[in-house]
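These notes concern the structure reproduced below.
The values are calculated or read from the model by the stated rules, or taken from the named source; none is laboratory data. All values reported here derive from a predicted model rather than from experimental measurement. Cβ placement follows ideal geometry from the backbone for every residue including glycine, while neighbour counts extend to all protein chains displayed.
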Amino acid sequence: MPVSLGERGEWPVKVKLNVPRRPRSRPKPKVHTKVTLPPHYLFLSPFSMCYRFLLPPIHRASRLSDQVSSANRKPGVHIAWTTVTYRSVALVALAIAAIFFVAMRMAFPQFTQASLEKADGVAGKLLERVAGMAPASSGVTTSQQAHFTALDGTVRVKKGNSNSWIPADYGIPLDKGDVVQTGSEGMAKVVFNDGTSYTVKQDSLIVIEENSANDQQQTNVAVAVSTGTVDLSTATYSQGSKSQVIVAGATASLAPESAAQVHNDPKADQHEILIKKGAGEVTRNGETVELANWEKVSFSGAQSHMEKAKETGPPTPIAPANMAPLFSGEATKDVEFTWTAMANAVGYRLRISRNPYFSSTLVDKRVNTAAVTVSGLGEGAYYWEVQSYDPAGKESVESEKNRFTIIAKGKESEAIELELDPFIQHGHVIEITGRTQTGARVMVNGSEVPMIASDGSFHYFTPPLPTGEAVVTVTAQTAQGGVNTQQKKIVIQ
């Protein structure tokens, strides 16, 4: 007769049932009941491992003992069992796994597809490594951030993950996809970790298309100029790095230590890329044009080819140097302006303004020499630039704009407060924070810190510094002539 198993999952043991004895004259009946354990029971019992590995040998020993003592077997019901093979267990497990996978596939198709792809990739890499065919590391690409190092006028930023504009600030990092826009009297300077710097002039808009680096120290910077004018320069970067600027479908790739000016006027459909220093190449519609010093390409949307031309280089401003302080003991001061002389130039045009955009000028005069003295300049900040012109009257592009400040010097000078926090290095760019006397102005390596808080605290990012040991000089000055200068050495690798 069949015997049921216990609910707690105990394994069957030999059970002896009392049966009414028959008369001695009759032969003793041998009643054996065979109980077969279902395969799925292995998954229900907590002692399945004991059954699979320990009980089969015991079962065989029990059968041998039964055969030896069959003559002495007493009447009763005896229980036996059948062992389950490993193949049966494996088939049942595979069947359950298949059913589970089909159910998951129907319920979560995207999840299971992604899991399959990931598992396939891991398995492929594992097989490649086992077979000795794993490829060399191609370099993991990581995103980088750019920073503002100068802000003036109206400048705003739209982050790539936002639809709203926010005022630009030195503490806002710039990531891939971010947009920078300047107003009619705005200017911004953006520096990337590879040393590339962009000076965004008034009424301009740029988009950071790419800013990344890999584990081989190779960088990739790309900026699209949607409208306006941008000056850019590259530093020394590792081989394999790229620094590109995109204008109306044309891509300019600049060599290390190069400078360029980009102009994009979508309304007039006029687009120009000028190489001021170094070299670069411009690609558009399958056409590639190589450019050297003071060479440019220009094109419009209707033109299939780019036009290459040679520009006349401007003079280089010498004095007053950029961000130079000029102290005066009187109400006004006479200032001497000098610049480099240019071959084939018959004259020069000097312009001085109170703002960096030259929307209005204090001085606009032509001279025949590479030096001139201007009288009657009062206290305050000034900007100046110079151009050369040839016998035909054609003017060169504008030179770099230098800023200088005339400061009324007091009778006595005293040291003022200047505290510097530890420098923070971002590649070739150094982040400087500190505090000085309220109302003082601060200059770092000759460049003025544009914004100082009411409590005298300041925050500044240097332009890219060259590789090797560099000295950072921080100077604080007051209108009364108080000065405090500190220097720190830093190693750029």
Counting only residues in region 362-395 that are among the small types (Gly, Ala, Ser) and modelled with pLDDT of 90 or more, the one nearest to the chain's Cα centre (by Cα) is identified as Ser388
The strands (runs of 3 or more DSSP E) lying wholly within region 390-489 that contain at least 2 residues that are among the β-branched types (Val, Ile, Thr) are 402-408, 429-436, 441-444, 468-477
Considering region 361-400, residues that are farther than 16 Å from Thr338 by Cα and among the small types (Gly, Ala, Ser), and then whichever is surrounded by the fewest Cβ atoms within 10 Å (Cβ to Cβ), we arrive at Ala392
message: Quick check on Val289: is it buried (at least 21 other Cβ atoms within 10 Å of the Cβ) and of a type in the set (Val, Ile, Thr)?
response: no
Checked against (1) over 23 Å from Ile430 (Cα atoms); (2) surrounded by 15 or more Cβ atoms within 10 Å (Cβ to Cβ), Asn193 satisfies every condition except (1)
By residue number, the members of region 249-279 that are on the phi > 0 side of the Ramachandran plot and buried (at least 21 other Cβ atoms within 10 Å of the Cβ) are none
Exercise. Is there a residue in region 163-183 that is basic (Lys, Arg) and in contact with a Pro (Cβ under 8 Å, 6 or more places away or on another chain)?
Worked result: no
Within region 145-195, residues being in a loop (DSSP other than H, G, I, E, B) and within 17 Å of Thr462 (Cβ to Cβ) number 8
Of Ala235, Ala248, the only residue that is over 17 Å from Gln145 (Cβ atoms) and of a type in the set (A, V, I, L, M, F, W, C) is Ala248
Restricted to region 197-211 and to residues being touching a residue at least 60 places away in the same chain (Cβ under 8 Å) and under 12 Å from Ser243 (Cβ atoms), the residue surrounded by the most Cβ atoms within 10 Å (Cβ to Cβ) is Asn211
inquiry  = Looking at region 314-333, can you tell me whether even one residue there is modelled with pLDDT of 90 or more and acidic (Asp, Glu)?
reply    = no
Those residues of region 134-156 which are of a type outside the set (Ser, Thr, Tyr), modelled with pLDDT of 90 or more and over 22 Å from Thr219 (Cβ atoms) amount to Val155, Arg156
Restricted to region 294-313 and to residues being over 22 Å from Ala279 (Cβ atoms) and at pLDDT below 90, the residue surrounded by the most Cβ atoms within 10 Å (Cβ to Cβ) is Gln303
When Ser359 is run through (1) in contact with a strand residue (DSSP E or B) (Cβ under 7 Å, 6 or more places away or on another chain); (2) over 16 Å from Arg349 (Cβ atoms), the failure sits at (1)
*Please indicate, with yes or no, whether at least one residue in region 431-444 is touching a residue at least 24 places away in the same chain (Cβ under 8 Å) and loosely packed, with under 14 Cβ neighbours inside 10 Å.*
yes
For region 323-346, pairs from a residue that is aliphatic (A, V, I, L, M) to a residue that is surrounded by fewer than 14 Cβ atoms within 10 Å (Cβ to Cβ) and in a loop (DSSP other than H, G, I, E, B), with Cβ under 7 Å and 6 or more apart or across chains, are Met323/Gly446; Val346/Pro391
